[in-house]
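Reading through the structure tokens given below for one structure.
The values are calculated or read from the model by the stated rules, or taken from the named source; none is laboratory data. Given the structure is predicted, the values throughout are model-derived calculations rather than measurements. All Cβ positions, glycine included, derive from the backbone under ideal geometry; neighbour counts span all protein chains shown. To get the accessible areas, we keep the full protein, side chains included, count just its heavy atoms, and leave off ligands, DNA and RNA. Shrake-Rupley method; radii C 1.70, N 1.55, O 1.52, S 1.80 Å.
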Amino acid sequence: MRKVFAFVLFTVAFAGAACAQGWLELGPAPIQGGYTGRISAIACSSTNASRYFIAGADGGVWRTTDGGATWTAVTEQMPTTATGALAIDPSNESIIYVGSGEANYANHSRYGLGLYKSLDGGNTWGVLAASTFSGRCFSKLLVDAQNTQTLYASITPAGGFPEKAAAKGHPGANGPIGVFKSTDGGATWGQLLGGLPNQAATDIALDPSNSNILYAAIGRPFGAPENGVYKSVDAGGSWTKLAGGLPTSNVGRISIGIAPSRTSRLYALVTNACDSAGNNGSTLGGFRTDDGGATWISIPVGSMQATYGWYLSCVSVQPTNPDVVIMGGFDLKRSTNAGVSFSTITAPHVDNHAIAWDASGNLLNGNDGGIYRSGNLGSSWSSLSSGVGVIQLYAGVSIHPTDPLFVLGGMQDNGSNRRITNTKSWQQVLGGDGGWTQIDQVNPSRMFAESQGSGSLYRSTNGGSSFGSSSSGINGGDRNCFLSPYVIDPANNNHMLYATYRLYESTNNGVSWSVISGDLTNGNGAIRALAIAPSNPQTVYIATNDGNVSVSMNGGHNFTRVLQSVQGWPRVTRELFVDPRDDRVAYLAGAYFGQPHIRRTVDRGQTWQTLDGSFPDIPVNTIAVNTSGNSAVIFAGTDDGVYRSLNDGRTWARFGFGLPRVPVIDIRLDPTRNRMIVGTQGRGCWLSKLLPSPEPIGDPNIEPPKTSMH
């Protein structure tokens, strides 16, 4: 297995070796209603109410100096855009720290690659402690105000179901976790034990009046005997697990908040332990201590995290009033009387992950819809998300055969959205978690979108203006990859296939469906990728999230398993690409460290050739091949942008310039317009030319090049 540091150095080296083509951001930034993607962390200046930083869960760090009117993305070319924690040095606010890797435990809560530090307010950055933290995630970063060379970090595994699925086999995924300390400004770190377990630390708090006193929340969401709140009175040298009223059984994720104006008071939000699939993670309870953790009382927050408190949990106390506490989960809860009673705040968007206070005392909230500010403790809100492009797309982006402006895509917790103008503003056409989409290339007024769950498929016959159910015959109880892949037959637009753990067929363009295959998994998985051969629709390829690749030669009724133990991301992917000229030729992407990343078969899967050549050890989420020229050009959508090979996989280089180092989850080639559109998991959609041509990249209606260039 190749070392992780080789991955970091390689990608940095190739960032400057980009091809001539640039990338154009298409958005959304934001979608209709002002929503953008998930905000995982916020850090505010203590002196300037107009200056703060936010982190997109997979969208990197953004800075505002005008109170959120405008934003600048400041970590575009750092090794990863996955972000979990932010901190500003209180004695020198030009020093910013970023903990990479998002500690919210979802399948898309991706691994980090170390700590970033800026000495000039975010203009330039360096990477620290990559060998210490790579493969894991930061849940919190703290700077000791009394000695700002001292930092503390709480570290968790990468997220996912099964556990650590979002690490994608990173070599550091099983490294040390818990609480870490640095005494040299983040250059070197040591794990704090002395009573603390090597277990997921989901939060930490530092007493601002006495930096010897720290609190740590150990909160493995699946439950662990060590889970609980711990206290140190010697700057992390030794720790005691607190009891005195805190729950001791079925404890999952924990978040804590200390009252800056009364430091003996802390609040805790405790979640029930979830099962291995993430079920049952509801709120166990809220708690308060007034004596530094010696005793705790229950406070009535109610059930505020739905069933997935492992994903959404945060606590913050108003800096000037210890009686005012905000707790975040599915919605927000507010108490103004020290937790004696709570009211529900109508949050701007569900699923809350970050709470902060600016220098004027305004409340800031980061959730799955973006960044918001309130001047009245959440009674009303202003969106600050305009221009913040941190949407996480799922695989299944669709392009229009005749309208070059039109793009359709499904987005994490922000529905399915269409782009119909030459702007970054997109329109929502379907709610929920948006998934796979399809546009009928013969009759493009007919298109499909879906939300989470089997059978949640919808069809439009008016270009996306309205959608109706298209799930008759699909069993809503089928196992699925949260979302389901489906395809329109390229040779017959009335014929479609839809995948759960088995295959469904429609012969009337999605009006009704019938089962045509048995279980194509190992008995507990689901189909995550599905492809029909354009040259022969009887040839169908599928890949499952339990590692099988299978091929059918009779339209999907019967399959032959051709690969096993192909590990990767458990959600829906476009990891299969079938050569449009030859159904025997197919490509397979490998979204896992230490395994083949690009494979090809020329005999319908009987044998496979690895095309990794000079490719670095980076997960590949999707593959696409331009076959319109004299020789095939292979594009790989990776966790570090797009790579391209011009010589059949022998050598590879990052493609284009201007695309952030973001995970690319989908690639859609459009050779008739000499362009490609990619969907990213954290920075929306981007467009690039396939080949150099005189037309400007700013014009999305790119015509084919005037002369043949191969």
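Brief remarks follow.
- The stretch 652-681 and the stretch 548-624 have their alpha-carbon centroids 19 Å apart.
- Beyond 37 Å, the tail of the calculated P(r) for the chain holds 35 percent of the Cα pairs.
- In summary, the convex hull built on the alpha carbon positions of the stretch 295-423 has an orientation-averaged projected area of 10.0 nm².
- Environment charge of Leu408, counting only residues whose C-beta is closer than 14 Å and scoring Lys/Arg +1, Asp/Glu -1: 0
- Relative contact order for the stretch 550-638: 23 percent, from Cα pairs under 8 Å spaced at least 6 residues apart, divided by residue count.
- Degrees between helix 4-15 axis and first principal axis of the chain (Cα, 0 to 90, nearest 10): 70 degrees
- Computed over the stretch 302-444, relative contact order equals 13 percent, with contacts defined as Cα pairs under 8 Å that lie 6+ residues apart.
- Pairs exceeding a 26 Å alpha-carbon distance, out of Lys117/Lys181; Lys181/Lys231; Lys333/Lys424: Lys333/Lys424.
- Within the accessible area of the stretch 438-526 (1.4 Å probe), percent carbon and sulfur: 41 percent
- Projected onto their three principal axes, the Cα atoms of the stretch 179-334 cover extents of 40, 36, 29 Å, largest first.
- Hull volume in cubic angstrom per residue (convex hull over the Cα atoms of the stretch 553-662): 118 Å³
- Distance from the stretch 117-165 to the stretch 330-366 (C-alpha centre basis), Å: 25 Å
- Principal semi-axes of the equivalent ellipsoid, √(5λ) from the alpha carbon gyration tensor of the stretch 46-91, are 19, 13, 8 Å from largest down.
- Coupling constants for the stretch 252-269 follow from the phi torsions by the Karplus curve (6.51 cos²θ - 1.76 cosθ + 1.60, θ = phi - 60°), and in residue order they are x, 5, 10, 10, 10, x, 9, 7, x, 8, 8, 6, 7, 9, 9, 10, 9, 10 Hz; glycine and proline get x.
- Neighbour net charge for Ser512 - beta-carbon separation under 12 angstrom, K R +1, D E -1: 0
- The stretch 35-124, Rg to Rh (Cα coordinates; Rh as Kirkwood inverse mean 1/r): 0.95
- Highest average first, the peptides 363-371, 281-289 ordered by how many other beta carbon atoms sit within 10 Å of their residues are 363-371, 281-289.
- Per residue, the convex hull spanned by the Cα atoms of the stretch 330-375 amounts to 78 cubic angstrom.
- Separation of alpha-carbon centers, the stretch 464-492 and the stretch 192-251, rounded to whole Å: 46 Å
- Debye intensity ratio I(q)/I(0), log10, the stretch 514-583, q values 0.28 Å⁻¹ (C-alpha model): -1.33
- Between the amide H of Asp413 and those of Asp433, Gly434, distances stay under 5 Å, these residues lying 5 or more places away or on another chain, with hydrogens modeled in the peptide plane.
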